Structure formats: C-alpha cells, structure tokens
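Here's the structure we're looking at; comments come further down.
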C-alpha cells in the first residue's frame, strides 16, 4: 500500500505498534527471555553466549515496532526473520543433551513471535521461510546430538500452529486495514473539498461586499441618468482599474496595495499588476514582504509606469517590480527567501 500519507497507512498505527506501550512490550521481551536464560541455566555451556541470542531477538522485536513502512521493508524483514533461526542455532549449541529444562528452548517461542509479526507486517513469505529454517536448525541439531532428526522436527513443528493463525489474522486484518485507510483518505479528501468550497464562498462574499461598497454609489447615480462630473468619471476609471487588478493579480491585492495603486493612478502613474501564481506556494511571510515591496514602489512613484508581477511557481525569484519614469528605470526583484535586490533592467 502506498499513498501520499504513508504514515497514516502504516499498520503499526492501526495496531498501536508505534506507541510507548509497544516499546514497553519489546522491553518485556528482553527482560523475560533474559530471566529464562539466567534461571534455567542448568547444564548450559555459557549463559553469556545464550544472552547474546536474547539480545539478538530483542533487537529484532524492537525493530518490528520501530521501523516504519507498510509492508515492512524487505531488508529489515529479512534481518528480523533471520534472527529467529540464528538465535535458535546459538542457543541449541549451548544447551545440554537432553535439554535439562523446557525453558531452555525459549528461542522457539521467540521465533513464533518474530515470524508472526513479520507476517502481520506484510512479509508472509519471509515469516514462513524463517520458521522453516528454525525447524531445519532443530532437526540438524537433534541429528548431530544423536537424538534423531525427527526429534528436532517434533519439538519445533508445533510452532507452525500459531504461525498459521497469525497468517490468517494478517490476511483478514490487512484487508480490513486497507478498507479503513481508504475510508480515512476519502474522508480527508471530502474535508479538503468542503474547506475549499467554503473558502471560495467566503471569498466570493467578501468580493461582493467590497464591490458593493466601491461600485454601488456610482452605479446608482448612472442608473438615475445623472451626468457625471470630471471627478466622478475619474473615480469610475480608478474603480475599473481596481476591479481589473483584483481579477488579474488576486495574490497581490491586499488592502494596502489596492490603496497605493489607486493613489498612484490618481497621480497619473500607469499601474500594471500581474499574478502568475508564485505566491501560492510560498510562506505567508514572503507574501507579506512582496506586498510591502509593491506598496513601497507604488507609494514612491510620481509618474511613468509601475509594473509588478508575481512570477510562476518554481523560480528563484517570486516577484519582479519595474518602475519606469522619464529619468530612469529601476527593477526590484524579491527572491524565495523574501530578500529584495535592485538589478539593471
């Protein structure tokens, strides 16, 4: 299973394997088998060699709960699975023949746990292969110690029963988990769509309110058939330019930029605002710096042309401001970090 939200689709989260409690269980794994080793050491050649096997399977248990991804990465799954037959071989090489205490065969129960959870985490073939390797190790050990290979098979083959149950559980659980993950993804998509729709409606209402405030007085006067004086005709022109800016450069149209653009046009400055979408992918702080730079350029212009453009996404620069008048041209650029620089046009 792969998705843009891989963390949400990790079966560890579904089973609680990425919680503090899961790490506590893994620590208990280490403590329990260490206790078995040191309390059932009759006839054992070296408890410290056996303890190395305990540490090996404990490391594998910690890896099972700590390593992300679904299914579990092939390399990690192979290493965790291999810990079962390796630990079994190490322990059997140290125990007496016949075994003095049933607790000395603890690697068989550890192997069931490791192989079972490897299966649950999506690596069924590796889990079964590891358990077959455990049985083979037991058979070879029994044959080498003149107990007969079947004695080794008999003592370990029973471990397949819980592995069969783990496999059936994994098949059922993983199909259910996949359905739950898909429902979660659909829910998130619907929530995002609802949020986008709501935001669009709010923006539309806001624009209508602004249009009502700006345009209604002039429209009502025109509707009454009244003759517009020079100042009112100029106001109509400024209003038309403001509305055009809101359509052509929505990312730039803060209240301050709109006010400065209107004031600059009233002074005779030609203002051109363009938006190719670059501000949609930057941090809001960068957007504020771009708006401030445009406002400053408009505030300082007394004639000529001011052209401010938001560049397309993915470029090193996010905005370009060209101030042209009769004496000189000045180009101001704002980069993706919000830094301004003046360059030759």
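Residues being within 15 Å of residue 91 (Cβ to Cβ) and either under 33 Å from the mean Cα position of the chain (by Cα) or part of a loop (DSSP other than H, G, I, E, B) (or both): count how many of those fall in the range 132-148. Number satisfying all stated conditions: 1. If you check 196, 177, 129, 166 for being in a helix (DSSP H, G or I), more than 26 Å from residue 36 (Cα to Cα), in contact with a helix residue (DSSP H, G or I) (Cβ under 9 Å, 6 or more places away or on another chain) and at pLDDT below 90, only one passes: 177.
Let's see how each residue does on (1) modelled with pLDDT of 90 or more; (2) out of contact with any strand residue (DSSP E or B) (no Cβ under 6 Å at 6 or more places or on another chain); (3) within 20 Å of residue 112 (Cα to Cα):
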site: 2; (1), (2), (3): no, yes, no
site: 7; (1), (2), (3): no, yes, no
site: 15; (1), (2), (3): no, yes, yes
site: 24; (1), (2), (3): no, yes, yes
site: 30; (1), (2), (3): no, yes, yes
site: 36; (1), (2), (3): no, yes, yes
site: 50; (1), (2), (3): yes, yes, yes
site: 53; (1), (2), (3): yes, yes, yes
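Among residues of the range 242-268 being assigned to a loop (DSSP other than H, G, I, E, B) and touching a helix residue (DSSP H, G or I) at 6+ places or on another chain (Cβ under 8 Å), the one that is surrounded by the fewest Cβ atoms within 10 Å (Cβ to Cβ) is 254. If you go through the range 71-90 one residue at a time, do you hit one that is part of a helix (DSSP H, G or I), at negative phi and over 39 Å from the mean Cα position of the chain (by Cα)? The answer is yes; a qualifying residue exists.
Checking the stated criteria, residue 314 turns out not to satisfy the condition of being more than 30 Å from residue 212 (Cβ to Cβ), in contact with a strand residue (DSSP E or B) (Cβ under 8 Å, 6 or more places away or on another chain) and either assigned by TED's automatic domain parsing to the domain that holds residue 339 or surrounded by fewer than 17 Cβ atoms within 10 Å (Cβ to Cβ) (or both). The residues of the range 26-46 that are surrounded by 15 or more Cβ atoms within 10 Å (Cβ to Cβ) and not in a loop (DSSP other than H, G, I, E, B), listed by number, are 26, 29, 30, 32, 33, 34, 36, 37.
Does any residue of the range 122-132 turn out to be out of contact with any strand residue (DSSP E or B) (no Cβ under 9 Å at 6 or more places or on another chain), in contact (Cβ under 8 Å) with a residue 24 or more places away in the chain, surrounded by 19 or more Cβ atoms within 10 Å (Cβ to Cβ) and more than 16 Å from residue 167 (Cα to Cα)? No, because not a single residue in the range 122-132 is out of contact with any strand residue (DSSP E or B) (no Cβ under 9 Å at 6 or more places or on another chain), in contact (Cβ under 8 Å) with a residue 24 or more places away in the chain, surrounded by 19 or more Cβ atoms within 10 Å (Cβ to Cβ) and more than 16 Å from residue 167 (Cα to Cα).
Could you go through the range 99-107 and let me know if any residue there is within 42 Å of the chain's Cα centre (by Cα), part of a helix (DSSP H, G or I) and either free of Cβ contacts under 8 Å to residues at least 24 places away in the same chain or in the same structural domain as residue 71 (by TED's automatic domain parsing) (or both). Among the residues of the range 99-107, at least one is within 42 Å of the chain's Cα centre (by Cα), part of a helix (DSSP H, G or I) and either free of Cβ contacts under 8 Å to residues at least 24 places away in the same chain or in the same structural domain as residue 71 (by TED's automatic domain parsing) (or both), which makes the answer yes. Of all the criteria given as (1) surrounded by fewer than 12 Cβ atoms within 10 Å (Cβ to Cβ); (2) at pLDDT below 75; (3) part of a helix (DSSP H, G or I), the one not satisfied by residue 218 is (1).
Could you go through the range 181-195 and let me know if any residue there is in contact (Cβ under 8 Å) with a residue 12 or more places away in the chain, closer than 19 Å to residue 262 by Cα and surrounded by 11 or more Cβ atoms within 10 Å (Cβ to Cβ). Checking the range 181-195: not a single residue is in contact (Cβ under 8 Å) with a residue 12 or more places away in the chain, closer than 19 Å to residue 262 by Cα and surrounded by 11 or more Cβ atoms within 10 Å (Cβ to Cβ).
The values are calculated or read from the model by the stated rules, or taken from the named source; none is laboratory data. In this text, all values refer to a predicted model and were calculated from it rather than measured experimentally. Note: ideal-geometry Cβ built from the backbone for every residue, glycine included; neighbour counts use all protein chains shown.
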